[in-house]
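In what follows, a structure is listed as structure tokens, so that the remarks can point back to it.
Values quoted throughout were computed directly from the atomic coordinates according to the rules given, and no laboratory measurement underlies them. Because the structure is a prediction, the values reported are computed rather than measured. Cβ: placed from backbone, ideal geometry, glycine included. Neighbour counts: every protein chain shown.
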Amino acid sequence: MTPIRIDDPDDPRIAGYRDIREADLVGRDGLFIAEGEVVLRVLLRQSRHAPVSLLIDAKRIERLAPLLAAAPEGAPVYCAGQSVLDAIVGFPIHRGVLALGRRAPEPSTEALLASLPDEALVMALFGIANHDNLGGLLRNAAGFGVAAVLLDAHCCNPLYRKAIRVSVGGALITPIARLAPDEDPIAMFDRHGIQPVALTPRAPRRLIDLARAPRTALLLGAEGPGLADDLIARSTAVSIPMCAGFDSLNVATTSGIALHHLAFGAVRRGV
């Protein structure tokens, strides 16, 4: 691995890193930016998304040499001084570790669910428009072994730079598919033998009392509006009891509690 020095912010070889915030807003045509050493480690060891190139602060090259050596052949490693790096990305980039990746083709929801093993956890998200929340949700999904994540049309981009960073790379390793506007997720779960479990503070049944089916989907909605009534009515609705006068948690925190219970709690057999 021989780093390629970049001294001109307008060098065409690093065009994919230029003015990152503006580029993220308009979309990257199948590419994404991964930021930070921890995320880079995940990117280089997973096989779903392809690293295209790396851009590293020159003063970090020596320390990161063993990691950078894992970059695949054909993915150049560029390096630049701090001032040039800042000029390239358009803001002070303190982490000094960036990578450009190519998105894997996204599977259809039907294909993804059909590929699941006999025992699997799925997470279905509705209206999650905040990248911090989505990143936290995907971090928990990776941490508790979720086999598939489904997003509705109103969820934000799971491979937006901030969502990847907050997920500490979880967004890169968990299979994700997006529901089409005309797809009925509950009917789809029924076809694939998946029990939908909807979290809502209104449910009298407690999450802790639930023994899940071998194939279970956890449904979570945006903070505030929550899940649609139709989704709750057609699912097994459960709640997380809280102190009187306070009825909800951050959605990422909620997912951590629920996924821990579903991953390590009792499984109901014969369903």
Completion exercise
Quick calc, the stretch 4-102, dipole around Cα centre from Cβ unit charges on Lys, Arg (+) and Asp, Glu (-), nearest 20 debye, gives 460
Practice task
Taking H placed 1.01 Å from N in the peptide plane, check which residues at least 5 places from residue 195 or on another chain put their amide H under 5 Å from its amide H.
Solution key: 215, 216, 217
Handout entry: Separation in nanometres of the label points that stand 7 Å from Cα toward Cβ, at residue 63 and residue 209
Key = 5.3
Practice task
Sticking with the crude label model, points 7 Å out along Cα→Cβ, report the distance from residue 108 to residue 228 in nm, one decimal please.
Solution key: 2.1
Completion exercise
Counting only residues 5 or more apart in sequence or on a different chain, those whose built amide H sits under 5 Å from that of residue 50 are 102, 104
Problem - Prolate/oblate/rounded label for the chain (Cα gyration tensor, a/c 1.5) - result: prolate
Handout entry: Protection-proxy order for peptides 107-117, 254-264, 229-239, each taking the mean of Cβ atoms within 10 Å per residue, highest first
Key = 254-264, 229-239, 107-117
Handout entry: Amide H contacts of residue 31 (H built 1.01 Å from N, under 5 Å, at least 5 apart or other chain)
Key = 103
